[in-house]
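The values are calculated or read from the model by the stated rules, or taken from the named source; none is laboratory data. Just so you know, these numbers come straight off a predicted model, no measurement behind them. Neighbour counts are summed over all protein chains in view; Cβ atoms, including those assigned to glycine, are modelled from backbone coordinates with ideal geometry. SASA here: full protein model, heavy atoms, side chains in, ligands and nucleic acids out. Shrake-Rupley method; radii C 1.70, N 1.55, O 1.52, S 1.80 Å.
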Amino acid sequence: MNSMKISQIQKMFSENPDLMTGFYENIFKNIESQNPEYNSITHVYPDIVKKRIEELSQIKNPQDYPLYGVPIVIKENIQKKNYSVQCASKILEGYLGQYDSTAVSSLEKSGAIIIGTANMDEFAMGSSNEYSIHGPVHNPFDKKRVSGGSSGGSAVSCALGFASVTLGSDTGGSVRQPAAFCGIYGYKPTYGRVSRYGLVAYGSSLDQISPFTTSVDDLDTVMKVIGQTDPKDATTLLHNYQGKKACDLAQIKVGIMPSLWSKGVDKSIVESINKTIEQMKKLGVTIKNIDIPTIHKCISTYYIIASAEASSNLARFDGVRYGYREENSQSIQELYTKSRSKGFGKEVKKRIMLGTFTLSQGHYDAFYEKGQQVRNYLKKEIAKAWDDVDFILLPTTPTLPFSIGEKCEDTLFMYLNDLFTVPANLTGIPAISCPMIEGDKETDLPIGLQFYAPYNEDEKLIGFAHALEQKQLFGHHRSDVFMNQGGL
Amino acid sequence: MIEYDTVIGIEIHCQLASQKKIFCQSENAFGNSPNYHIDPTCTGLPGALPVLNPKCVSLALRLALATDSAIAPRSSFDRKNYFYPDNPKGYQITQFRTPFCSEGKITLKSGKKIRIQRIQLEEDAGKSIHVGDASLLDYNRSGVGLIEIVSHPDISSPEEAIEYLKIIHNLVVHLEISDGNMEQGNFRADANVSIKPKGSPILGNRVEIKNVNSFKYLEKAVQYEVQRQARVLSEGQPIVQETRGFDSDKNETFSQRTKEDAQDYRYFPEPDLPDLLISEEWISSVKESMPELPQIRSLRYQDKYDLPVYDADLIASWKEGSQYFDNLLSRVSPQVTPKIVSNFYMAEILKIVKISQENKGTQEITEVPYPLDWAATILLETQKGKITGRLAKEVLDLSFEKNQDPKIIIQEKGFTVLDDPQAIEKVIIEITLKHSSEVKAYQEGKEKLFGFFVGQVMKVTAGKADPKVVNDILKKVLLGK
C-alpha cells in the first residue's frame, strides 16, 4: 500500500518513474470525485502535469531530487507560470501567472509536480475560507463546518491526500489555523526564511509562504527546498534552512500562559492541551509559566498594520493593466472606482478602507506608528521570554471549526480567532501548529497545538516537533478523512 | 510701493544613468519600442518585489560627495501612494522619512551658498501617451532610478535659481550621474516661489511651478510669478497656495491645482526593502572611482599645464570637450605645448562645435564632432613646420567641411610649407626689385617696414612660406648682405 509521505513517494518514483503516470491519473480522479464536496481545489492542470512527468522521466539521477515526483498544490495566490493566480477574487478573474514564484521554482528544481491551485479567502483575508469567489471550503471532518482560512483550500487538499505537501501563506495565522481545523501540520517559518517573490502580497511585513504536511519529516524536507535565501526578495534571510536539529526532550523548557487561555478558549481545547502538557512532562520536558502582557494588544495591532499594508499592496489591482475592468467608464477615476468596487469582495474592501484610513494624514501617528511601537515592544517581551524557555506553547485557535455561515457576519469573532497566531507574524518568529492525537471528545474534530520558537530557530523548532511526534503526541488521523493518504 | 524679498526653493528630479533600473533587472534605456524594457516588478504584476540596485546608490553618492552633504549611514524607503495609470503599483518607492543624504551646499559665483535640504533616491513613473480618445501606456521609464534634490529656500532671484540649476546640472553631467538631457526628461526642475515684505521673517504662501522643461522657461516662469504675486498682494488679495504650470506662448504661469485638491499620499515605510546601509568603505570606493569635477579639473589645468584661469575654466566647463582636450594634449605632447593646444582647442575646435550646434539646431552635443587623430595631425604638422599656423586653420576648416583627413588635404592642396631657401630668396628678390623705394626707406631706419615685406612674401606664396626662413632671408636681402 502506498502512502503520500514524501520519502516514500520519492523512493517509489526514483526507482520506477513509470509509476508516475498511473499515480497522477489516480490523483486527478480523486480530485474529480471528491472536490465537489470539499471545494478545496480551484484548478488542476493534468496536461501540464503529463508533460512534466515526461520531463522528469528523462532525468538520469532521480534519487538526487528530494521531491522527485512529489505532488504539490499551491494556494491560488502563489505564482506559477500559466497557473491561475486569481486569489479567489473577481478582480483577477482569468488571470494566469506570468512568471514562477521562487518557492515554486525551488520545488520544481527538486523534482516536485505542481498539480493545481487551492481555494482561499480572497487575497488571503479571512479565517474561514468563506470569503471566496469560488465559494466556501468544507472541513474534511465535518462538511458543514469551515476549513479555516485563509489557506483553507490548501489545508483540506493536504488532509484529503490530493497532494503530499500544499503551500499556503500565513500573514496572521492563515496556515496554522486551518491546519489546526483540518488535523494536519502547518508551519510558519521565520519571516524571510522563504522567499515571497511571486506571492501576491497582503501584509508584506507579515506574509510568509508556509507549508502544510501530514508529518514533521515532510515539513523538514520541504523546508530544505524552499527555505533559501533569494536575491529576488530583499527581505529573505542570508542563510538557508539547514534541516531539523536533534532534540533531547529532557533538556527542553517550554513556556505556557494558562491565564491567557483560561477565558475565551473552548473547554475541550484547554483539556486537550493540558493532557498533552502532562504527557510532555512525563517525557522530561520542563514546563514553566511565563507572561507576555502585550499579547492582548496583538489583534488590534495586527489589523492596523496588515490592513495598512494591504491598502497599498492592493492598489495595483486597478483595472488598467490586467484583471477585471469596468468598461463603461468616462474617466480614469470612474474606471478605478467602478473596477475596484465591483472587483473586490466585501471583506477585502473593508480592510482596504481601514488601511487607507489608518495611513491618512492626521491618523498615521495614532494608528500605524503606534502599531509599529507595540510591535517592537512585543518583540522585546518575547525576546526576554527566551531567557527562561526554549519554546512557547499556545493553542492554535480559541475554538473548534465553526459551522459554515455561522460567523460570516461576526467580524470580531473572526478577528479574535487569530489571537494566538498573530504574535508570531508581528514578531517574525517561527511557529508550528501540530494536530494533537486526541481531538474534541464530543465531535472528534481535530485540535491544534502551537509552538513558537526564537527568531531564526526554525531547525530547532522542527526538531522539537519531530521529537514529540516520535512519542505519538501528534497525528489525529481518521481513516475516512485521510483515506487517500494511506490508501492509493 | 512695498518692496518684497523673493524666496525660491528648487526641487530637481534627475534620472540616474545606471545600466539597469533601480529596483529590478530591466535595462534603463531610451528610445526603444514601448514596453520593451519591462518586467514583473516595474509593471506592478502581482507578487513581484523590488530589490535595490546598489549601482544607483553609488551614482547618487557622487552628488552627495560633490555637494558636501551629510550621508546617512542608515536610511530607508517609503511608499508614496497614489493612483495613476503610469504608476503601476499604485505607489512610488521613495525616501520620505530618512533620505540617504541631507544638508549639502553649493556656492554661487557671488560666493553665496545655497543649502541642499535633502537628496533622496526614488523611482520614475512610466509614460501616458494620449492618442485621440485612447490613452496608451509605456513602462520603459517605469522604475528608472531618480534622485530628487531639494534645496532650502535660499534662492532670492530668478537669476540665482537658474545659476543654481546650472551648477547642479553641470555636476550631474560631469560626474556621469545622469545624462542630464532636459528634452528627454532626464533632468526636471520644479520651483517653489513666494514673496514677503523686505526683511520680514515670515514666509509668504508658496506657489509651486511644475512641468517646465527648460532653464530658459523656468527663469521666465519664476520672473512672471514674482511679479504676479507682488501684483496680487498690492491689490490686497492673498496668495493662494497652489501648483501652477507655465504657458510658454504667453509667458505666463497658470493655476493647475490648489492646496485643497492636494493628495494625501499616505506615506509609510516600504516593507519590501530593508534599510539602506552605507558604509565608510562604500563611500571611499565611490570617491576613488568618481569622475573629475569641473573646478578640480580647472585647477589641474592651471597647476599642471600652467594654463591661464580663463583657458582652464573654459576647457573644464564642458565634460566631453575637456576629455577631448586631455586626449589631444597627450597625443601631441611634448612636441606641442599645452598653451598651443589650449589656443587651438578654444579658437578652432570650439568653433567647429558651435557650427555643429547651429547645424543641428540643438545645444545638446555630446561629443566633439571632429576626429581626435586629425586634430593631432594638424597640431603636429604645424609644430614640425610642415604647415603654417594660418594654413592650419584652413586645413581644419576644409577637413571638417569635407570630412576628410587633413593629411590628404595638405597633400592635394599643396598646402605643404614652402621652406626651400632658394625658392624663397627668389621671391624676395623679385619683391625688393618691385618695391625699391620701401627698401631704401627700410635701410634708412624705417624698420617697421619689415612686416610689409613679410606680408608681400606671404601674399605671393599664398601663405605657404615658412615664416622663419622668410625672416632670415629677408633680413639678409634687405641689408644687402
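In the stretch A:229-255, comparing the full protein assembly with the chain on its own, the residues that lose 40 Å² or more of accessible surface at a 1.4 Å probe are A:Ala234. Amide H to amide H, with H built 1.01 Å from N, A:Gly255 comes under 5 Å of A:Lys288, A:Asp390, A:Phe391, A:Ile392, A:Leu393, counting only residues 5 or more places away or on other chains.
Helical runs (DSSP H, four residues minimum) scored at -39500 (n - 2.57) apiece and divided by the length of chain A put the mean residue ellipticity at 222 nm at -11500 deg cm²/dmol. Dividing the mean sequence gap of close Cα pairs (under 8 Å, 6+ apart) by how many residues chain A holds gives a relative contact order of 19 percent. Mind checking Rg over Rh on the stretch B:421-478, alpha carbons, Kirkwood formula for Rh? Reported Rg/Rh, Kirkwood definition of Rh: 0.93.
Length available on full extension from B:Gln19 to B:Asp264: 0.36 nm per residue minus the Cα-Cα distance, which gives 84.9 nm.
Take each of the peptides A:89-99, A:324-334, average the number of other beta-carbon atoms within 10 Å over its residues, and list them starting from the highest. Present the calculation step by step, with values, prior to reporting the outcome.
On the way: A:89-99: 18.8, A:324-334: 12.3.
Ranking, from highest mean packing down: A:89-99, A:324-334.
Under the rule a/c < 1.5 gives rounded, and otherwise a/b versus b/c splits prolate from oblate, where does the stretch A:55-158 land using the Cα gyration tensor?
On the way: a/c = 3.14, a/b = 1.67, b/c = 1.88.
Oblate.
Rounded to the nearest 20 debye, the dipole size of the stretch B:291-412 about its Cα centre is 260 debye, using +1 on the Cβ of Lys and Arg and -1 on the Cβ of Asp and Glu. Computed over neighbours whose Cβ is under 12 Å from that of A:Thr171, the net charge equals 0, Lys and Arg +1, Asp and Glu -1. As a calculated quantity, the FRET efficiency between B:Lys127 and B:Met346 at R0 = 45 Å, using C-beta atoms, amounts to about 0.65.
Can you give the local net charge around B:Phe100? Use residues other than it whose beta-carbon is closer than 13 angstrom to its beta-carbon, Lys and Arg +1, Asp and Glu -1.
On the way: positive: B:Arg62, B:Arg74, B:Arg97, B:Arg118; negative: B:Asp78, B:Glu103, B:Glu122, B:Glu148, B:Asp275.
Charge balance in the 13 Å sphere: -1.
At an R0 of 30 angstrom, the distance between the Cβ atoms of B:Glu394 and B:Leu479 translates into a FRET efficiency of 0.35. Each of A:Lys50 and B:Phe450 was given a label point 7 Å from its Cα along the Cα-to-Cβ line. The distance between the two points is 10.4 nm.
For the peptides A:263-274, B:231-242, B:136-147, the ranking by mean Cβ contacts within 10 Å, running from highest to lowest, is B:136-147, A:263-274, B:231-242. With a cut-off of 13 Å on the backbone N, the residues of the stretch A:387-401 near the modelled label site 7 Å out from A:Thr286 along Cα-Cβ are A:387-391. Between B:Asn35 and B:Arg74, the contour length at 0.36 nm per residue exceeds the alpha carbon distance by 10.6 nm.
At a 1.4 Å probe radius, carbon and sulfur cover how many percent of the accessible area of the stretch A:84-193?
On the way: 790 of 1640 Å².
Answer for the stretch A:84-193: carbon and sulfur cover 48 percent of the accessible area.
Greater than 20 Å separation of Cα atoms is the criterion. Which listed pairs, A:Lys253/A:Lys460; A:Lys282/A:Lys471; B:Lys105/B:Lys319, meet it? Intermediate results must be reported in sequence, preceding the final value.
Details: A:Lys253/A:Lys460 13 Å; A:Lys282/A:Lys471 11 Å; B:Lys105/B:Lys319 22 Å.
Exceeds cut-off: B:Lys105/B:Lys319.
Tell me the per residue accessible area of the stretch B:42-184 using a 1.4 Å probe; a whole number in Å² is fine. Could the numbers behind the result be given before it?
Working: 5040 Å² over 143 residues.
With the other protein chains kept in place, the stretch B:42-184 gives 35 Å² per residue.
Lys/Arg Cβ at +1, Asp/Glu Cβ at -1, dipole of the protein assembly as shown taken about the Cα centre: which of A:Ala201, A:Ile273, B:Ala376 is farthest positive-ward? Positive-most Cα among the choices belongs to B:Ala376. For A:Ser210, the amide hydrogen comes within under 5 Å of the amide hydrogens of A:Gly168, A:Ser169, A:Asp170, counting only partners 5 or more places away or on other chains and with H modelled in the peptide plane.
Given a Förster radius of 45 Å and the C-beta distance between B:Lys113 and B:Lys468 as r, what FRET efficiency does 1/(1 + (r/R0)^6) yield to the nearest 0.05? My answer for the efficiency is 0.25.
When chains A and B come together, the accessible area they lose, probed at 1.4 Å and totalled over both chains, is close to 2700 Å².
For the stretch A:52-210, report the accessible area per residue in Å² (1.4 Å probe, heavy atoms, rounded to an integer). Numbers along the way, then the final one.
Values: 3030 Å² over 159 residues.
Value for the stretch A:52-210: 19 Å² per residue.
Peptides A:57-70, A:221-234, A:16-29, B:85-98 ranked from most to least packed, by the mean per-residue count of other Cβ atoms within 10 Å: A:221-234, B:85-98, A:57-70, A:16-29. Residue by residue along A:314-325, Cβ atoms of other protein chains within 10 Å of the local Cβ number 5 on average. Simple rule: put +1 on each Lys or Arg Cβ and -1 on each Asp or Glu Cβ in the stretch B:291-412, find the dipole, and look at B:Leu307, B:Ile352, B:Ile365; the Cα lying farthest toward the positive end is B:Leu307. Evaluated at q = 0.11, 0.14, 0.18 Å⁻¹, the base-10 log of the normalised Debye intensity for the stretch B:291-412, with identical point scatterers placed on the Cα atoms, takes the values -0.36, -0.59, -0.95.
Cross-link check: pairs A:Lys143/A:Lys244; A:Lys75/A:Lys281; A:Lys245/A:Lys288; A:Lys297/A:Lys349 evaluated at a Cα-Cα cut-off of 31 Å; pairs beyond the cut-off: A:Lys143/A:Lys244; A:Lys75/A:Lys281.
Across B:Glu444, B:Glu176, the residue with the most accessible area heads the list, and the full order at a 1.4 Å probe is B:Glu444, B:Glu176.
Just counting partner chain Cβ atoms within 10 Å, what average do the residues of peptide A:92-100 show around their Cβ?
Values: counts 1, 0, 0, 2, 0, 4, 7, 5, 0.
Average neighbour count from other chains, rounded to a whole number: 2.
Rolling a 1.4 Å probe over the protein heavy atoms leaves A:His239 with an accessible area of roughly 80 Å².
If you put +1 on each Lys and Arg Cβ and -1 on each Asp and Glu Cβ, how big is the dipole of the protein assembly as shown around its Cα centre, in Debye rounded to 20?
Numbers: 111 positive and 121 negative charges, 284 e Å.
Rounded to the nearest 20 debye, it is 1360 debye.
If you wrap the Cα atoms of the stretch B:340-476 in a convex hull and average its projected area over all directions, you get 9.9 nm².
Shielding by partners for B:315-322, please: the mean number of other protein chain Cβ atoms within 10 Å of each residue's Cβ.
On the way: counts 0, 0, 0, 0, 0, 0, 0, 0.
Mean partner-chain Cβ count within 10 Å for B:315-322: 0.
If you wrap the protein assembly as shown in the convex hull of its Cα atoms and look at it from every side, the mean projected area works out to 55.0 nm².
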